[in-house]
Amino acid sequence: MPIVVRLDRLLVERGMTLTELADRVGITVANLSILKTGKARAVRLATLDAVCRELGCQPGDLLEHVDGPEA
């Protein structure tokens, strides 16, 4: 898929764990892990809003369109 999720990078930059983000956002670690690994087929706008709010980022910081082998 040509959309890459950059959640790992943002978590490292913010010094936050996936578990901490899940607690703050109010969704399960398993669901965040599916998003983080790029296996999610859809993302609710409410979830995207909550993640961006907690990480202090824009959706474009979290999701990136790429062409080539990284996709």
(request) Restricting attention to helices (runs of 4 or more DSSP H) lying wholly within the chain, give those where 2 or more residues are free of Cβ contacts under 8 Å to residues at least 60 places away in the same chain, in contact with a helix residue (DSSP H, G or I) (Cβ under 6 Å, 6 or more places away or on another chain) and crowded, with 16+ Cβ neighbours inside 10 Å. (result) 7-14, 18-25, 29-36, 45-55
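Would you check if Cys57 is more than 19 Å from Pro2 (Cα to Cα) and under 9 Å from the mean Cα position of the chain (by Cα)?
Considered against the rule, which asks whether it is more than 19 Å from Pro2 (Cα to Cα) and under 9 Å from the mean Cα position of the chain (by Cα), Cys57 comes out as no.
Yes/no per residue for (1) on the phi > 0 side of the Ramachandran plot; (2) modelled with pLDDT under 95; (3) out of contact with any Leu (no Cβ under 8 Å at 6 or more places or on another chain):
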{"site": "Pro2", "(1), (2), (3)": "no, yes, yes"}
{"site": "Leu7", "(1), (2), (3)": "no, no, no"}
{"site": "Leu11", "(1), (2), (3)": "no, no, no"}
{"site": "Ala22", "(1), (2), (3)": "no, no, no"}
{"site": "Ala30", "(1), (2), (3)": "no, no, yes"}
{"site": "Ala40", "(1), (2), (3)": "no, yes, yes"}
{"site": "Cys52", "(1), (2), (3)": "no, no, no"}
{"site": "Gly60", "(1), (2), (3)": "no, no, yes"}
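The values are calculated or read from the model by the stated rules, or taken from the named source; none is laboratory data. These numbers were taken from a predicted model, which means no experiment stands behind them. Glycine gets a Cβ as well: all are built from the backbone with ideal geometry, and neighbour counts include every protein chain shown.
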